[in-house]
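Enquirer: This structure is in structure tokens; I'll ask about it shortly.
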Amino acid sequence: MPRRRPLVAVLGCPNTGKSTVFNRLTGLRQRTGNYPGVTVEKITGIARLEKRDVELVDLPGTYSLAADGPESGITLDVVLGMAEGIPRPDALLLVADATNLRRSLYLFSQARELGLPVAVALNMQDVAERQGEVLDTMALARQLSAPVVPITANRGKGIRGLRSVLERLIAGTHATAVPVMPEVREAAAQMRTELATPAPEARCLERAIIDTGGEFERRLILTGGDQSGRLLETTRRRLRGQIGEASLQSCEARRRYRVVDRWLARAGATDSPGGLARTGRLERLVSHPVSGPIVFLAVMSAVFQAVFAWATPLMDAISAFFEEVGALALATLPAGALSSLLIDGLWSGVGAVVVFVPQIVFLFALVLFLEDCGYMARASFLMDRLLRICGLSGQSFIPLLSGFACAVPAIMATRVVGDRRARLATIVAIPLMTCSARLPVYALLISGFVPPAYYLNGWINRHGLILLGLYLLGIAGGAVSAFLTRRIALRGAGASFFMEMPPFRWPNARVLALKLTAKVRVFLTRAGTVIAAACVMIWALGYFPRSDLIANDFADRRAEVSELAQEPAELQARLSRLDAEERAAQLEYSLLGRMGKTIEPVFRPLGWDWRVSASVVAGFPAREVVIGVMGTVYALGSEAEGSVGLRERLRASRWPDGRPVFTLAMALGLLVFYAFALQCVSTVAVIGRETNSWRWAAGAWIYMSGLAWLAGMLTYRLAS
């Protein structure tokens, strides 16, 4: 049996650059998944040291080993070897922020008591030096009895030295640290002998004693029942009397910070307010109640302006590529079902989605930049004030923000919201956030049917403003939904919220590229699997059955046209028009056409014909497939002549009386419909699972579908 690689767990407080250090050590040799039983992302990777390869696991950012839920308990579970599928680590790597070392050393003081060797990566050393902060790292290492490596992870400085330290750490020995709370350790040992059920791991029992109402107390009572709960409370009362403190948690914090302050004093640590002074004006600008929201709107406007302005040339090039290759394939392959499947089904369907990759790349890149530079944390601070109006708190901001990428992991991330009522209200609001799957629909309709216009000497364009408006519309819809849910169905006081602001810093291009690559890979994977499968299914529904009567009728009409004396160019134009009319007639005769005709009356008030209705309904399993479905439907039954893009096919679609289907009013109504519609079966399923009630899932789908229909209809009527 091959010997497993040594395992190193990487832990640290939020915003210390832990993930940047992890990416520097592992590069692209990473795997992403979830820890069993919880929704915390598990990221592992292989780091190449001098003499061996080691496996790293990137633990969730935490300020303390105290846990208030299953997700925050993962760190201690992994370190103690209690996480399913992960052996106990051989060593710990704690990433500390050199500009806020006191906070990180509190976590170190807990980690060193767990019986594993610990190394400290002192990150953002360059920022600390610029701020005038002084620290003798050798003296600090002696105080901690652990190696300390100054690094600047975003520039790669010190990473080679960190690899060498990890090599020695794994191969060496270490001494177990004296606990800061020896009374608790003794009480936990005594309690283990008195528990009737199998006793938990000693360090977990210590956390259960200290952290009133925490995750490990919950686990103890869950396995041992009320008897264990009574024994726990008796132990706490005895300890409080022995120590002379009303709160064990407060006692732990005071003792640990006294130890941390002694370490820093003996290491010659000094602080300088210079860094704060340099960023103080920027901090006040972006966090002020008046200027903060203005800056937020300006930043978001710039993002969406850039998405349209920068992506358009690349989108045009990709669209031209798919059109030219499609035309070449159409001229090369013999007519029939196979060529139609390849060209009209797969190529047109998947190509209609891939053309929007540049916009998705730019949007993700800009949002990742704002996250890594520290601005998004300030945005969450601003949003906390607004969320409280809706009965939520800043705890809901990160899940809501995640909803702009995908609603499924965002809903799963609501487990960090401690208050159940606030969590349910957040779950209801998340599907209204504009996820990345909506972006291709928005881009198609905005660029195809909204006349372009530029303002302020070309700095602002109308398309970007409309895209921003749709995102704000989703935010407003989510806020109203949360407000009504809290006021009607989930009444109660709001939860408190606090967070530490990370320093403003310039993001590392390599780390940004790694994150961006992972997100784009997920999108393209879906385009090559889910969307391709949906396109093939829709092609089959739209191609079969074929009508011999229609085929014979158009064959006779082509013969009549060919017998007339006319110029070759005119003859070719008339034959092309007949081809387009035949495609439309065959599509209307197909199973998809019949289904679309059946549901058309439901959506006729929104200005949709049966093809639009069928495309929207067929896209219910996942929003990502809607553009692909439209590409297939309109390729099969396009009234446009020749091989053209999806925008041109939509513009060429007509009602039986010759009126265009896609007018500005209809496109605006369709945009608003998509802003509110819950068109994702995965989202519906995860709502049911996370709320433990399919009534919430069904209610959310009915409510949002009805809201989307009503809002789309009103928009269409008002704009007509």
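Enquirer: Out of all the residues in the stretch 287-315, which are under 30 Å from TRP539 (Cα atoms) and surrounded by fewer than 14 Cβ atoms within 10 Å (Cβ to Cβ)? Give the derivation first.
Expert: Restricting attention to the stretch 287-315, the residues satisfying the condition of being under 30 Å from TRP539 (Cα atoms) are 311-315.
The answer is PRO313, and nothing else.
Enquirer: Now, a different point. With the condition kept exactly as written, say whether any residue in the stretch 299-309 is of a type outside the set (Asp, Glu) and under 30 Å from ARG103 (Cβ atoms).
Expert: Within the stretch 299-309, one or more residues are of a type outside the set (Asp, Glu) and under 30 Å from ARG103 (Cβ atoms).
The rows are residues; the columns are (1) at pLDDT below 80; (2) closer than 20 Å to ARG438 by Cα.
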residue	(1), (2)
ALA569	no, no
ALA580	yes, no
THR598	no, no
GLY628	yes, yes
GLY642	yes, no
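Residue by residue, here is whether (1) part of a helix (DSSP H, G or I); (2) not hydrophobic (A, V, I, L, M, F, W, C) holds:
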| residue | (1), (2) |
| --- | --- |
| MET300 | yes, no |
| THR312 | yes, yes |
| PHE322 | yes, no |
| ALA335 | no, no |
| ILE360 | yes, no |
| LEU363 | yes, no |
| LEU370 | yes, no |
| SER380 | yes, yes |
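Enquirer: Still on this model: Check LEU714 against each of (1) in a helix (DSSP H, G or I); (2) surrounded by 22 or more Cβ atoms within 10 Å (Cβ to Cβ); (3) not basic (Lys, Arg) and name the one condition it does not meet.
Expert: (2) is the only condition that LEU714 fails.
Enquirer: Okay, moving on. Given (1) over 23 Å from PHE620 (Cα atoms); (2) at pLDDT 80 or above, where does ILE427 come up short, assuming only one miss?
Expert: Tallying (1) over 23 Å from PHE620 (Cα atoms); (2) at pLDDT 80 or above, ILE427 fails exactly one: (1).
Enquirer: Scan the stretch 192-208 for residues that are touching a residue at least 24 places away in the same chain (Cβ under 8 Å) and of a type outside the set (Val, Ile, Thr) and jot them down.
Expert: Answer for the stretch 192-208, where residues must be touching a residue at least 24 places away in the same chain (Cβ under 8 Å) and of a type outside the set (Val, Ile, Thr): GLU194, LEU195, ALA196, PRO198, GLU201, ARG203, CYS204, GLU206, ARG207, ALA208.
Enquirer: For residues in the stretch 592-623 being part of a helix (DSSP H, G or I) and basic (Lys, Arg), which is surrounded by the most Cβ atoms within 10 Å (Cβ to Cβ)?
Expert: Pass one, the stretch 592-623, residues part of a helix (DSSP H, G or I): 592-606, 610-618.
When the remaining residues are screened for being basic (Lys, Arg), the result is 594, 597, 604, 611.
On the way: ARG594: 14, LYS597: 15, ARG604: 13, ARG611: 25.
Looking at residues that are part of a helix (DSSP H, G or I) and basic (Lys, Arg), I get ARG611.
Enquirer: Would you mind telling me which numbered condition in (1) at pLDDT 90 or above; (2) closer than 30 Å to ASN461 by Cβ LEU282 fails?
Expert: Among (1) at pLDDT 90 or above; (2) closer than 30 Å to ASN461 by Cβ, the lone unmet condition for LEU282 is (1).
Enquirer: A further question on this structure: If you check ALA584, ALA559, which single one turns out to be more than 16 Å from VAL661 (Cα to Cα) and either hydroxyl-bearing (Ser, Thr, Tyr) or in a helix (DSSP H, G or I) (or both)?
Expert: Only one candidate qualifies: ALA559.
Enquirer: Please enumerate the residues belonging to the stretch 200-252 that are surrounded by fewer than 19 Cβ atoms within 10 Å (Cβ to Cβ) and outside any helix (DSSP H, G or I).
Expert: GLU201, THR212, GLY213, GLY244, GLU245, ALA246, SER247 - these are the residues of the stretch 200-252 that are surrounded by fewer than 19 Cβ atoms within 10 Å (Cβ to Cβ) and outside any helix (DSSP H, G or I).
Enquirer: For the condition within 25 Å of ARG262 (Cα to Cα), outside the structural domain of MET412 (by TED's automatic domain parsing), in a loop (DSSP other than H, G, I, E, B) and at pLDDT 90 or above, what is the one hit in LEU65, LEU92, LEU105, LEU116?
Expert: Testing whether each residue is within 25 Å of ARG262 (Cα to Cα), outside the structural domain of MET412 (by TED's automatic domain parsing), in a loop (DSSP other than H, G, I, E, B) and at pLDDT 90 or above leaves just LEU116.
Enquirer: Test each condition in (1) free of Cβ contacts under 8 Å to residues at least 24 places away in the same chain; (2) assigned by TED's automatic domain parsing to the domain that holds ASP97 for ALA189 and report the one that comes out false.
Expert: Looking at each condition in turn, ALA189 falls short on (2).
Enquirer: Here's something else I'd like to know. When the stretch 144-158 is examined, which residues are found to be modelled with pLDDT of 90 or more, surrounded by fewer than 18 Cβ atoms within 10 Å (Cβ to Cβ) and not basic (Lys, Arg)?
Expert: SER145
Enquirer: Here's a follow-up. State whether the residues of the stretch 120-131 include one that is crowded, with 17+ Cβ neighbours inside 10 Å, at positive phi and part of a loop (DSSP other than H, G, I, E, B).
Expert: yes
The values are calculated or read from the model by the stated rules, or taken from the named source; none is laboratory data. From a predicted model like this one, the values you see are computed outputs, not experimental measurements. Quick reminder, even Gly has a Cβ in these numbers, built from the backbone with ideal geometry, and neighbours come from all protein chains shown.
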